[in-house]
Every structure is written in C-alpha cells, then in structure tokens.
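Heads up, the thing below is written out as structure tokens.
The values are calculated or read from the model by the stated rules, or taken from the named source; none is laboratory data. Predicted model, so just to flag it, every value in this text is computed and none were measured. As a convention, Cβ positions derive from the backbone with ideal geometry for all residues, glycine included, and neighbour counts pool all protein chains shown. Heavy atoms of the whole protein, side chains included, go into the accessibility calculation; ligands, DNA and RNA do not. Shrake-Rupley method; radii C 1.70, N 1.55, O 1.52, S 1.80 Å.
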Amino acid sequence: MIPAVWRARLAAATVALTGGIAAVAGSYAVVGGTPTFVAAPVANLTNTLAPAALVTFAITVLGDLGSKLAYASGLAATAALLAVAIGRIAATRAGRPLLTPAAVAVAVGALAAALVGAADSAVGAADSAVGAAVGAALVTTVAGFGAGADTSPSADADAAPDDARRALLSSAAALALGVVGVGGRRALAPADPIPTQPVPDDVAALLDEAVTKSLDVEGLEPLVSDRFYQVDVANVDPDPAREDWSLRIHGAVDEEATYDIDDVEAMEHEHRFVSLRCVGENLNGRKLDTALWTGVPLSEILDPVDLHGEYVMLRAADGFYEEFPVEALRDGFLAVGMNGQPLPRGHGAPARALIPGHWGEINVKWLTEIEILDEPATGYWEERGWHGTGPVNTVAKLWARNRLDDGQLEIAGPAYAGTRGIRAVEVSTDGGDTWTEAELSDPLPGEDVWRQWVHRYDAAGPHEVVVRAIDDTGTVQPADEADAFPNGPSGWVSESVDPASL
Ligand SMILES: Nc1nc2c(c(=O)[nH]1)N[C@H]1C(S)=C(S)[C@@H](COP(=O)(O)O)O[C@H]1N2
Ligand SMILES: [Mo]
C-alpha cells in the first residue's frame, strides 16, 4: 500500500498538472492557435533553438509529423511550467481551499501575460491570460471540493480517500474544459475560413480560365491548387493586425521607405499565376502548388528608395529571414491576395514576397523588412545547411494513374521549371528505353507557372513508367538522382504500374 504522504503528494502533483493543462486549454479556448496562445512562445522556441540536423530531419523525414511533435512538446512544456507554479502555490496554501484558486488565478494569469505579452497579434494577450487563469482556477476549485479540512502531506491516513477524490475531480475538470473549450473553439473557427470577399470580375475570369485549361483527369488537382501546401518554421504562425503591419525598406538605400497596408492597397494591383515549390520536398512530393496572386510589383515598392547594394535580406514577423541577390527581388511581387481573397494567415497575411522561379523559401511570408545589403549574408535555411535561395530544379511529377472505361491507362501530373517554362514532358512506359511526348495543358498567362501533362496508352502487364520535363530553353530535366538536402530533389520520377491494380 502507498504511504499516505506519497498519496497526498501524488494527488497534489495531479492537481498541479491538470491545472497546467487546463490553463493551456483555457487560453486556447479564448484565443485559439494565435501568437497570444500561452503555449505559442515555448512551441516556437524550436525554430530558433533546435539543432540544424534535427530541423532537417524533422522536415525531410517527418514532414508534418515533425512540426506536430514540436508543437506537442511546446504544449507539454508550457503545461509543465504552469503546473510548477500551481504546485508551489497549492503547497503553501494547503488547507485553505478557497484562497488557493484565487492565488492560482493571479499567478497563472501573470505568468501567461509575461509569456505572450510581447506577441504581435490581432488577438489580445490579456484575453489569453484570463483564459489561462480561469482554466487553472477552475481545476483548483473543483479539486478543493474533494479536500477535507486538512490536506497537507502531514495529514493522517484518513485523508487518503480525499486525495484520490481530489486527483479524480481535477482530472475530470481539466478534461471537461479541454473538450468544451478546445473542441468549441475548433468547431467555431475552422482552419480554412470560408471566403468572405466577393471575387472581382477580372479575378473570376482568370480563375475560370485556369479551370478551363486544367486537364480533365481524375485524381489530378486543377491548375489552381485546391489545397496549397504550407511550410512554416514557426509552430504558431504570426497573426498581425492589418492596421499594425508595416514594411520597412532600409540598408544600402539613399532614402528609407515604410509602407503600411493602406499604402499598398492604394497602389495599382495586378494578378499573377505563380507556382511555388519547396526545396525540402520529395522528388514526387506535394510541396508544389499554384495560385492566382493579387498584389503590386516589388519594383514599384522599391522605386522611391534608390538602392545600391547587390544583396537583399527579407525579414518576417515570425523571425524568419532569407538573403539572395537583389536582381531577383526586382522582378518580384508583393502579394496581398490569393485566389480572389485576402491573403490567408497561413500564407503570410497581410503581405508576402513572391520571387519568380526561385525555391519557395525566399518567398517570404508575413514580410516586414527589406534590407538591402552590400555584402552577402546567410539566411535561416542556409544557416541550417540548405542551398535554397536560387532558381528551382525542373520537374515532371506523376500524381494520377487511372484505368479508363475503354481499358486504356491514363497517367498525369504537373510539370514546373520556374521562369524557364515547360516546353514538353516525355513519358517512357518501358523503364526509360523509349520515350513519347505527353499531351500538355494550354499555358496559363504568367512567367512562373506550372503546366499539366497527361498520357494515355495500352499496357497488358506490369511496367515501369518514367517521366521527365524539357524546359523552354530545350534543356532536359537532369537524370542524376539527389535527395532534397541540400540542393532540392533531382532525378526522374519513376514508378512501377500494374494495370491489374488500377
Ligand atoms: N516568414 C516566413 N516565410 C516563409 C516561410 C516561413 O517559415 N516563414 N517558409 C518558406 C518556405 S520554406 C516555403 S517553401 C514557402 C512556402 O509558402 P507557403 O507556405 O505559402 O506554401 O514559404 C517560405 N516563406
Ligand atoms: Mo521550403
């Protein structure tokens, strides 16, 4: 049998821990996954503190699972931190069940406010702190109902049933708060908000054009992606209020300039189809997508500053930064809209950079600073060993395989070569011995946009399909195979296809 002293300690630890969990849940219930969520600062420490090798492993091997694990560790660490505070307070106030919740609320509220106080967010830090305080106080109050007159660890064995009851009640309270608060929040605020703005006619016409030009192949995404991939170094993305956002251009310039969102909105807008591809994706991976972006050319933004450096560092509200030659910046775009809607938070609201033909990483989201440099510098991913600031590799992907009603096989996918453009896609159905040209989708307007290919053929038995793209300079996609790290994936996508299994 466990000695009473240990049972009491175990109960006290349970109350403290469930209090910490309830504080995290309470904060989430009020502010959701925003930078003022009490666990956000701890969860985001991983993007600055985690060793380069671990970050690379997480993104290339674990992918989305890696960021989920990092987020979960942040949640656990925050709950544990708050639990320690609750435990200390409860220990000094044992036997005074009414005072404890009040003291816990004050301490947890103050700690939460300190953690998220500096966060730049549309959602208030105070709301988050109140949510955390209420959550923790709720659990300690409920736990108090299970307590006898004396719950100090020195109490005699009679206290034992009380200990069990306290632990049980606090767990039940934390669980209830978690289900109602977090579940309610999720239900009320879906991850992909429904479009709110009417789509302007010119944008609607372009989106229609993309629908019309998309190849009609089952299992192939249309030319404007249904779901656009997302890569974030932060576990909790920035959520700056539109009116608080600004973009500052400084460094090797004659005249500094600062834009706010009204300045950008007042400029003449353009719409551009642009594809993005992540240097860290798999050869046949899905971190390649296309959208119709609305915004202003960066040349217009840079016009007043008279810059004279050769490099540029872009900096963002999540602490991300990337450096590259200033030449690439001059052709760039500052996007404030996506597919006829305001730029979504996950894609960099209110404004992101789009740098034609370059790997996704320098297409900096939540852009806040353009610093012109005389000397080259090192960006976030380059500090971690990647070489992702240059032009994309050419690729043809195989995303759809179907058997048609007439028995023919149909294979299809996107092809992308950045600003070099796609001239052709070639398909081999005999492991690379012979090649046939695939049918291509009609090109969309734009300098930096993918095309789709499809090939229909007869095949009786299992065979090896290989695909390769030819860019508009006539260069064939290189055959040499390489993993994503550090230069981006290379090689030809190949796959065994068995007609019997389609
Ligand atoms: N501020 C900021 N910008 C960023 C990133 C980021 O983590 N933070 N990720 C980069 C990477 S690695 C890629 S591939 C693209 C992805 O853009 P998307 O998330 O809109 O698809 O954004 C880039 N811009
Ligand atoms: Mo990326």
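The table below gives the values:
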| quantity | calculated |
| --- | --- |
| Number of positions in segment 33-73 that are surrounded by 19 or more Cβ atoms within 10 Å (Cβ to Cβ) and either more than 15 Å from ligand 1 (Cβ to nearest atom) or among the hydroxyl-bearing types (Ser, Thr, Tyr) (or both) | 12 |
| Filter result for Ala210 (under 20 Å from Glu447 (Cβ atoms) and more than 16 Å from ligand 1 (Cβ to nearest atom)) | yes |
| Any hit, segment 411-433, residues being crowded, with 19+ Cβ neighbours inside 10 Å, charged (D, E, K, R) and away from ligand 1 (no atom under 16 Å from the Cβ) | yes |
| Lone qualifier among Ala76, Ala80, Ala43 - being assigned to a helix (DSSP H, G or I) and touching a Phe, Trp or Tyr at 6+ places or on another chain (Cβ under 6 Å) | Ala43 |
| Matching residues, segment 227-255, being buried (at least 19 other Cβ atoms within 10 Å of the Cβ), assigned to a strand (DSSP E or B) and at negative phi | Asp239, Leu247, Ile249 |
| Yes/no for Val466 being in a strand (DSSP E or B), over 18 Å from Gly360 (Cβ atoms) and without any contact (Cβ under 8 Å) to a residue 40 or more places away in the chain | yes |
| All positions within segment 440-464 that are charged (D, E, K, R), more than 31 Å from the chain's Cα centre (by Cα) and within 15 Å of Trp399 (Cβ to Cβ) | none |
| Residues being more than 16 Å from ligand 2 (Cβ to nearest atom), open to solvent by less than 30 Å² (accessible area, probe 1.4 Å) and more than 17 Å from Leu215 (Cβ to Cβ) - total across segment 373-406 | 2 |
| Restricting segment 465-492 to residues that are more than 28 Å from the chain's Cα centre (by Cα) and hydroxyl-bearing (Ser, Thr, Tyr), the residue that is nearest to Gly431 (Cα to Cα) | Thr475 |
| Within segment 359-371, tally of residues that are open to solvent by 10 Å² or more (accessible area, probe 1.4 Å), within 10 Å of ligand 1 (Cβ to nearest atom) and either part of a strand (DSSP E or B) or more than 18 Å from Val233 (Cβ to Cβ) (or both) | 1 |
| Selection count, segment 279-304, where residues are open to solvent by 60 Å² or more (accessible area, probe 1.4 Å) and more than 16 Å from ligand 2 (Cβ to nearest atom) | 3 |
| Pairs with Cβ under 9 Å, 6+ apart, first in segment 356-377 and modelled with pLDDT under 95, second open to solvent by less than 30 Å² (accessible area, probe 1.4 Å) | none |
| Residues located in segment 316-333, provided they are more than 19 Å from the chain's Cα centre (by Cα) and either of a type in the set (A, V, I, L, M) or away from ligand 1 (no atom under 14 Å from the Cβ) (or both) | Pro325, Val326, Glu327, Ala328, Leu329, Arg330, Asp331 |
| Every pair of residues 6+ apart whose Cβ atoms lie under 8 Å, when the first sits in segment 258-281 and is assigned by TED's automatic domain parsing to the domain that holds Val224 while the second is among the basic types (Lys, Arg) and within 11 Å of ligand 1 (Cβ to nearest atom) | Arg277/Lys287; Cys278/Lys287; Gly280/Lys287; Glu281/Lys287 |
| Matching option when the condition is surrounded by 18 or more Cβ atoms within 10 Å (Cβ to Cβ) and in a helix (DSSP H, G or I), among Leu169, Leu215 | Leu169 |
| Meets criteria (at pLDDT 95 or above and closer than 26 Å to Ala317 by Cβ) for Ala122 | no |
| Residues within segment 398-429 that are of a type outside the set (Val, Ile, Thr) and farther than 13 Å from His455 by Cβ, tallied | 11 |
| Selection from segment 256-278 of residues that are in contact with a helix residue (DSSP H, G or I) (Cβ under 6 Å, 6 or more places away or on another chain), within 16 Å of ligand 2 (Cβ to nearest atom) and either aliphatic (A, V, I, L, M) or part of a helix (DSSP H, G or I) (or both) | Leu276 |
| Residues that are hydroxyl-bearing (Ser, Thr, Tyr) and under 30 Å from Leu75 (Cα atoms), drawn from segment 210-240 | Tyr229 |
| Residue check, Arg345 more than 16 Å from ligand 2 (Cβ to nearest atom), of a type in the set (D, E, K, R), within 20 Å of the chain's Cα centre (by Cα) and assigned by TED's automatic domain parsing to the domain that holds Asp262 | yes |
